[in-house]
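Working notes, beginning with the structure itself.
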Amino acid sequence: MKKKWIILFGIVIMIIFGLGVKFYMDEEKLNKEMKKVVYSDEAKQVFKKRLTNLDPNAFTEKGIIHSYKIEEGSVEHNPMGGIEVELIINNDSELNVSYTLSKNNGELSGGASVVSEKLSKLLGRWEE
């Protein structure tokens, strides 16, 4: 009788371990797919368009926004759909913009955004 319980316990442990590995692998696959989208040429076009909407002179000498980079640790799945990503502006971590990327009708677009206080002030969009 004791031997049956040990075998049953072993089987339950193996099932739990197997499910854990499966969930981990699914999560890793999702993370790779999200990063592939965020670093794509299509995403770069979306970022440049959205940043130019914030600063019409972006990426020129007259502009405040000269460059951006993706904060790699910020890429995550949005529970409402899409991908959350943070952009660091001009290599200054206090100047950042967060976007929600999503695909609509097969086209990648930038949805909601959050602009840091410091960047908002530089862009003249901050009111105290």
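Miscellaneous remarks
- Candidate set from region 79-121 (those that are in contact (Cβ under 8 Å) with a residue 24 or more places away in the chain and farther than 18 Å from Lys48 by Cα); member that is nearest to the chain's Cα centre (by Cα): Gly82
- Within region 99-112, the residues that satisfy the criterion of being on the phi < 0 side of the Ramachandran plot and either modelled with pLDDT under 80 or out of contact with any helix residue (DSSP H, G or I) (no Cβ under 7 Å at 6 or more places or on another chain) (or both) are Thr100, Ser102, Lys103, Asn104, Glu107, Gly111, Ala112.
- Within region 1-25, tally of residues that are open to solvent by 70 Å² or more (accessible area, probe 1.4 Å), under 29 Å from the mean Cα position of the chain (by Cα) and not hydrophobic (A, V, I, L, M, F, W, C): 2
- Residues that are modelled with pLDDT under 90 and among the small types (Gly, Ala, Ser) were ranked within region 31-73; the one that is surrounded by the fewest Cβ atoms within 10 Å (Cβ to Cβ) is Gly73.
- Residue match in region 20-36 (condition: among the hydroxyl-bearing types (Ser, Thr, Tyr) and either under 30 Å from Leu95 (Cβ atoms) or in contact with a Pro (Cβ under 9 Å, 6 or more places away or on another chain) (or both)): no
- Residues satisfying the stated conditions in region 32-78, i.e. of a type in the set (A, V, I, L, M), part of a loop (DSSP other than H, G, I, E, B) and more than 12 Å from the chain's Cα centre (by Cα): Ala58, Ile64, Ile65
The values are calculated or read from the model by the stated rules, or taken from the named source; none is laboratory data. Because the structure is predicted, anything quoted here is derived from the model rather than measured. Don't worry about glycine lacking a Cβ; one is built from the backbone with ideal geometry, like all the others, and counts go over all protein chains shown. What goes into the accessible areas is simple: the full protein's heavy atoms, side chains included, and nothing from ligands, DNA or RNA. Shrake-Rupley method; radii C 1.70, N 1.55, O 1.52, S 1.80 Å.
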